[in-house]
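S.K.: Have a look at this one.
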Amino acid sequence: MRIVIATIFPEMVSAVREYGVIGQAVKNRVLQIEVLNFRDFTKDKHRVVDDYPYGGGPGMVMKPEPFFGIHDYCTERYGKPFTILTSPQGIKFDNRMAKELSQKENILIFCGRYEGVDERVMKIVDTEISIGDYVLSGGELAAMVICDAVSRFVPNVVEEDSVKRDSFYNELLDYPHYTRPAEFAGIKVPQVLLSGDHEKIELYRVAESLKRTALRRPDLFLKRDFSEQEKKALIWLIRELTSNAQ
């Protein structure tokens, strides 16, 4: 998979391909992340990427030429990319969208800036994506979030079992995690995790995932169609709570 990020701040965005599992995947050529500078696709000697808005108003608007230039560049070299514009007006990004995007072979992410982007750029944009109902100074942080989340679903970037246990993978929040020591600050690791009984451990984890989702994201819990294992986990949880209450 190839992800190209277009920005006026390439140094800022380049960090996404240099650290952690994403950095390792890039190093091993499992994933390709390329960062392009809008200014390299301008035609004037001053490399101007913005101008005053027609009709007046505050701020500056990003010029269309660099966007089209980068889109042509990617199309000629890699084939037509699935093109994203980061924008507070876009569809709200979530785990399901990240998984869908991971099926694309080539993705181009435009990082918006200033007051906005010339509307003619929408001709080459497949979708606008927002990472939340707030406004950032630019699209770079949003592009990095999208890139990181999408990359986790690319085969061999992260262990498949690890991805499947992430929050939201199955529309549930993750269960609590523990490591050594078995007791710290007077707080003990739940005994079931020390039991060696893998069936009970899995029931515990599913039950805790359901409980955490019900408490923190009841919207997800209420619309869930429970699997057989989840029903067993809920029965186990109820029994545990009843036993502890006696």
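The values are calculated or read from the model by the stated rules, or taken from the named source; none is laboratory data. Note that the structure is a prediction, hence the values are computed from the model and not measured. A quick note on method: Cβ atoms are made from the backbone with ideal geometry, for glycine too, and the neighbour counts reach across all protein chains shown.
S.K.: Kindly indicate whether any position in segment 176-183 is surrounded by 15 or more Cβ atoms within 10 Å (Cβ to Cβ) and either free of Cβ contacts under 8 Å to residues at least 40 places away in the same chain or closer than 26 Å to V150 by Cβ (or both).
M.R.: Looking through segment 176-183, none of the residues is surrounded by 15 or more Cβ atoms within 10 Å (Cβ to Cβ) and either free of Cβ contacts under 8 Å to residues at least 40 places away in the same chain or closer than 26 Å to V150 by Cβ (or both).
S.K.: Another question, then. What residue, among those in segment 180-234 that are of a type in the set (V, I, T) and closer than 20 Å to N170 by Cα, is nearest to the chain's Cα centre (by Cα)?
M.R.: T213
S.K.: Is segment 183-194 home to any residue that is touching a strand residue (DSSP E or B) at 6+ places or on another chain (Cβ under 9 Å), part of a loop (DSSP other than H, G, I, E, B) and over 30 Å from G112 (Cβ atoms)?
M.R.: Yes, there is a match, as at least one residue in segment 183-194 is touching a strand residue (DSSP E or B) at 6+ places or on another chain (Cβ under 9 Å), part of a loop (DSSP other than H, G, I, E, B) and over 30 Å from G112 (Cβ atoms).
S.K.: Quick check on I146: is it in a helix (DSSP H, G or I) and either in contact with a His (Cβ under 6 Å, 6 or more places away or on another chain) or in the same structural domain as V16 (by TED's automatic domain parsing) (or both)?
M.R.: In short, yes.
S.K.: Return the residues of segment 210-231 that are surrounded by fewer than 16 Cβ atoms within 10 Å (Cβ to Cβ), assigned to a helix (DSSP H, G or I) and either basic (K, R) or touching a residue at least 60 places away in the same chain (Cβ under 8 Å) (or both); say none if nothing qualifies.
M.R.: R216, K231
S.K.: Further question on the same structure: Looking at segment 16-31 only, could you name the residues that are more than 21 Å from L101 (Cα to Cα) and assigned to a helix (DSSP H, G or I)?
M.R.: Result: K27, single match.
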